[in-house]
Amino acid sequence: MSGVSMVGVTKMYGQVKALDHVSIDVCEGELLALLGPSGCGKTTLLRCVAGLERPDRGTVEIGDADMTAVPTRDRPIGMVFQSYALFPNLTVRQNIAFPLEVRHRPRTEVSARVDELLELVHLTSQADRYPKQISGGQAQRCALGRALAPNPQVLLLDEPLSALDALVRGRLRDEIRRIQQLVGITAIYVTHDQSEAMAIADRVAVMNAGRVEQIAAPADLYEMPATQFSAKFVGSRNAVELAVLDGKVGIPGSFHIDAPGGSNGHALAFFRPEDVQVSRGNTGPGMDARVELKVFLGATTRLHLVGEADGQPIAIFGDLPSRQARLIDEGEMVRVDVDPDHVHAFPI
Ligand code: ATP
């Protein structure tokens with residue numbers, strides 16, 4: 001198995017800079033998710049690794065071998081696409097066997113390998129069905145088996161769950177992770193869904209407008225956004241504009257933290273709804289706020305809170321365990337406090 005090294009990868013489509021000096025090292029056996037909004041360049045980057053696009057500048061290495069000019073068919077990769085891309089006239093077994101047959105592997109070897117893969121992707125009992133006779137989740141497992149058949153060094157997955165409904169998506173996500181870890185294969189996984197990226201990846205590369213904003217393990221990305229874009233894109237956060245006073249930003253009665261370097265009068269403070277503490281009445285610490293709306297979300301309830309800081313109204317979301325939120329009424333005045341350790345401020 002090998003890692004993947006992308007160095008200074010740049011790709012233009014006419015005037016559009018789809019990739020702008022992207023450098024990422026994917027370690028051997030690691031699953032790296034490329035996460036970002038539509039059009040940020042994640043598919044283009046994956047296609048550069050696959051050899052389906054040629055970078056204008058930069059290099060792509062797999063293991064120690066420079067692949068930049070190597071055609072797709074000669075790269076040690078397997079690909080899984082959103083659309084499954086199965087051959088409709090071949091059964092599940094024949095689809096998985098296909099990449100081995102085009103490589104003219106001996107018949108006994110093909111048969112043994114396909115049996116092994118059918119078991120790995122849990123499709124043994126569907127082996128003789130055609131793609132139209134299986135579900136979307138099964139089709140994607142077949143595509144995964146086919147991608148792994150020739151024992152590639154790197155697995156590339158482009159939004160593999162996007163065409164599936166939510167329940168199947170969650171199950172197949174965990175299944176892909178199980179298989180990737182079992183096989184120990186290096187993998188790059190493109191998604192625009194942050195919870196999917198964080199659930200499946202060892203590390204997540206957050207992309208924005210052709211550049212990498214941050215590469216971090218899911219928990220670090222969640223807790224320590226390196227840039228304003230990461231803070232906005234990963235997780236749902238409150239984003240509150242606050243005045244900088246004496247080098248500090250804060251909410252009166254609640255937190256005060258050092259203003260970020262480069263702040264000019266105002267800064268944008270990010271914090272999560274789950275880090276907002278709400279106490280009833282006017283005895284607890286924090287800012288006075290009114291509960292404008294309660295939204296029941298199951299285990300938690302989101303409170304829409306409106307208070308005042310520096311003479312300006314500020315709106316904050318706070319998530320409470322639903323059992324606790326039941327005691328609070330819409331229209332009620334509460335105290336709202338935020339732990340300063342969980343506030344990240346960026347200059348505006
Ligand atoms: P999505 O999640 O919507 O697939 P993405 O992050 O994968 O988006 P890319 O498909 O890599 O983004 O596209 C990056 C940029 O390059 C976009 O502005 C897109 O419009 C542009 N682009 C991609 N492919 C081409 C192409 N073949 N010709 C012209 N422009 C392209």
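Each value in this text was obtained by applying a stated rule to the coordinates, not by laboratory testing. Nothing here was measured: the structure is a model prediction, and the numbers come from that model. Cβ atoms come from the backbone with ideal geometry, glycine included; neighbour counts cover every protein chain shown.
Give me the residue from the range 52-81 that is in a loop (DSSP other than H, G, I, E, B) and within 17 Å of Ser2 (Cα to Cα) and, out of that set, farthest from the ligand (Cβ to nearest atom). Break it down stepwise before answering.
Restricting attention to the range 52-81, the residues satisfying the condition of being in a loop (DSSP other than H, G, I, E, B) are 52-56, 63-64, 67-71, 75-76.
Restricting the remaining residues to those that are within 17 Å of Ser2 (Cα to Cα) gives 63-64, 67-68, 70, 75-76.
Numbers: Gly63: 25, Asp64: 27, Met67: 19, Thr68: 18, Val70: 21, Arg75: 19, Pro76: 23 Å.
Selected residue: Asp64.
If I ask for residues that are free of Cβ contacts under 8 Å to residues at least 40 places away in the same chain and either part of a strand (DSSP E or B) or within 15 Å of the chain's Cα centre (by Cα) (or both), which ones from the range 9-38 would you list? So that I can check it myself, show each step before the final result.
At the first step, the residues of the range 9-38 found to be free of Cβ contacts under 8 Å to residues at least 40 places away in the same chain are 13-16, 25.
The answer is Tyr13, Val16, Asp25.
Looking at Leu148, Leu156, Leu90, can you tell me which residue is in contact with a helix residue (DSSP H, G or I) (Cβ under 8 Å, 6 or more places away or on another chain) and within 16 Å of the ligand (Cβ to nearest atom)? Explain how you work it out, then say what you get.
Working: Leu148 fails: within 16 Å of the ligand (Cβ to nearest atom); Leu90 fails: within 16 Å of the ligand (Cβ to nearest atom).
It is Leu156.
Scan the range 100-129 for residues that are part of a helix (DSSP H, G or I) and more than 21 Å from Leu172 (Cβ to Cβ) and jot them down.
First pass over the range 100-129, keeping only residues part of a helix (DSSP H, G or I): 100-101, 107-120, 124-126.
Scanning the range 100-129 gives Leu100, Glu101, Arg107, Thr108, Glu109, Val110, Ser111, Ala112, Arg113, Asp115.
Pick from the range 239-252 the residues that are in contact (Cβ under 8 Å) with a residue 40 or more places away in the chain and assigned to a loop (DSSP other than H, G, I, E, B): which of them is nearest to Ala315 (Cα to Cα)?
Filtering first and then ranking leaves Ile251.
Please work out which residue is nearest to Gly235 (Cα to Cα), limiting yourself to the range 253-283 and to residues that are part of a strand (DSSP E or B) and among the β-branched types (Val, Ile, Thr). Quick ask: steps written out before the conclusion?
Within the range 253-283, the subset part of a strand (DSSP E or B) is 256-258, 266-271, 276-280.
Okay, now just the ones that are also among the β-branched types (Val, Ile, Thr), so 257, 276, 278.
Numbers: Ile257: 21, Val276: 15, Val278: 20 Å.
Applying the filter and picking the extreme gives Val276.
Do you know which of the residues in the range 166-215 that are within 16 Å of the ligand (Cβ to nearest atom) and under 18 Å from Pro152 (Cβ atoms) is surrounded by the fewest Cβ atoms within 10 Å (Cβ to Cβ)?
Among them, the one singled out is Val190.
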